[in-house]
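The values are calculated or read from the model by the stated rules, or taken from the named source; none is laboratory data. Remember, predicted model here, so these are calculated numbers, not experimental data. Here the Cβ is made from the backbone with ideal geometry for all residues, glycine too, and neighbour counts use every protein chain on show. Heads up: the accessible areas ignore ligands, DNA and RNA and are worked out on the full protein's heavy atoms, side chains in. Shrake-Rupley method; radii C 1.70, N 1.55, O 1.52, S 1.80 Å.
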Amino acid sequence: MKALYDVPAPAKLNLFLHITGRRADGYHLLQSVFMLIDWQDRLHFERRADGLITREDLTMPLPQVDLTVRAAQALQARTGCGLGVHIGIHKSIPAQAGMGGGSSDAATCLLALNRLWGLNLPLNTLCQIGETLGADVPFFLRGHNAWVEGIGEHITPIDLPAAGTLVVKPPAGLSTPAIFSSPGLRRNTGTATISGFAANPFGFGHNDLQPIARTMCAEVEQVIEWMALHGLQGRMTGSGSAVFAVWPSGDEPNALREALASTPPGWLVKQCSSMEVHPLCGWATSDK
Ligand code: C5P
């Protein structure tokens, strides 16, 4: 195999996100449900015999050493593989949105290069590498909607009811470390249970990062208010700045069409569906 084209990298939404504590190293203990949605980046991989890792941005420009390049470097370092790759990124998921776009690209890169370089590493090894790149990478590698705990590394697959969503990303982005390090962040939310969540999956809990984000970024506040004006309950995903409303699939709110017709200029607005599994689920073996 010399190349893999059009390999998908879906985004995620956090249906809720509770901060339950903080570790000595500053990382936060959390509880969250991660749901995959069909807002996807597309990546292309062409094998290089010279060992070099190069990248081409097919839509928006990315930092020179982004998470896909770092993922490829980490895979080379771990395996001693002498092959390289040229990566093309067709970016669609907005950055600084709390939608996991960078982490998802990194996960797709690890899964694709595992094939393209003939490494055949098991999923657990890819997750160990992924964890060093970002807290959300193992979730995308495992490929199931999930109940997530710890700092993001304890992942329990769960079945979610199919969902429709409206996702709105205002132009301003939010920095994850800045929000997590805010002195005003509530870090003592009580422990939740999967059964408690399952009783009300689209209304359960809250996002502890949202009150901080609302004060740091007026646009988050504006999106939540705009949704409320249209009868939609907006909630931020991850550390923002994207905000979403969610409903059971087929149960579209009446106000949706009207809301879509009156979107403020500059906002990215997309109606999405949940995904039952990641399109690359099964690409790495999980039994070794
Ligand atoms: O791992 P990732 O790059 O996604 O995390 C970005 C930043 O978010 C970390 O450097 C840390 O400041 C914060 N974070 C945290 N607790 C987590 C996840 C992220 O404090 N569980």
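Overview of results
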quantity	calculated
For A163, residues with placed amide H under 5 Å, excluding near neighbours	S249, S274
1.4 Å probe accessible area per residue over segment 173-273, in Å²	50
Average Cα contact separation per residue, segment 3-157, under 8 Å, 6 or more apart, as relative contact order %	28
Rounded percent of accessible protein surface that carbon and sulfur make up, segment 163-273, 1.4 Å probe	52
Helical contribution to [θ] at 222 nm, DSSP H n ≥ 4, -39,500 (n - 2.57), averaged over the chain, rounded to 500	-8000 deg cm²/dmol
Residue-count net charge about S182 - beta-carbon cut-off 14 Å; Lys, Arg +1, Asp, Glu -1	+3
Lysine-lysine proximity count for the chain, Cα under 15 Å, sequence distance 8 or more or distinct chains	6
The chain, relative contact order in percent, only Cα pairs under 8 angstrom and at least six apart counted	25
Of all accessible heavy-atom area on segment 3-157, the percent that carbon and sulfur account for (1.4 Å)	49
Neighbour net charge for G231 - beta-carbon separation under 15 angstrom, K R +1, D E -1	-2
Vicinal HN-Hα couplings computed from phi for segment 122-131 (Karplus, 6.51 cos²θ - 1.76 cosθ + 1.60; Hz; Gly/Pro x)	x, 4, 4, 5, 4, 5, 4, 5, x, 4
Under the Karplus curve 6.51 cos²θ - 1.76 cosθ + 1.60, θ = phi - 60°, whole-Hz ³J(HN,Hα) for segment 236-249, x wherever Gly or Pro sits	6, 9, x, 9, x, 9, 6, 10, 9, 10, 9, 8, x, 3
Cα gyration tensor category, rounded, prolate or oblate, for the chain with a/c compared to 1.5	prolate
Residue-by-residue Karplus 3J(HN,Hα) for segment 66-80, coefficients 6.51, -1.76, 1.60, Hz, glycine and proline x	8, 5, 6, 5, 5, 5, 5, 5, 5, 5, 4, 5, 6, 10, x
The chain, dipole about Cα centre (Lys/Arg Cβ +1, Asp/Glu Cβ -1), debye to the nearest 20	480
Lys, Arg +1 and Asp, Glu -1 on Cβ, resulting dipole of segment 208-288 about Cα centre, debye, nearest 20	140
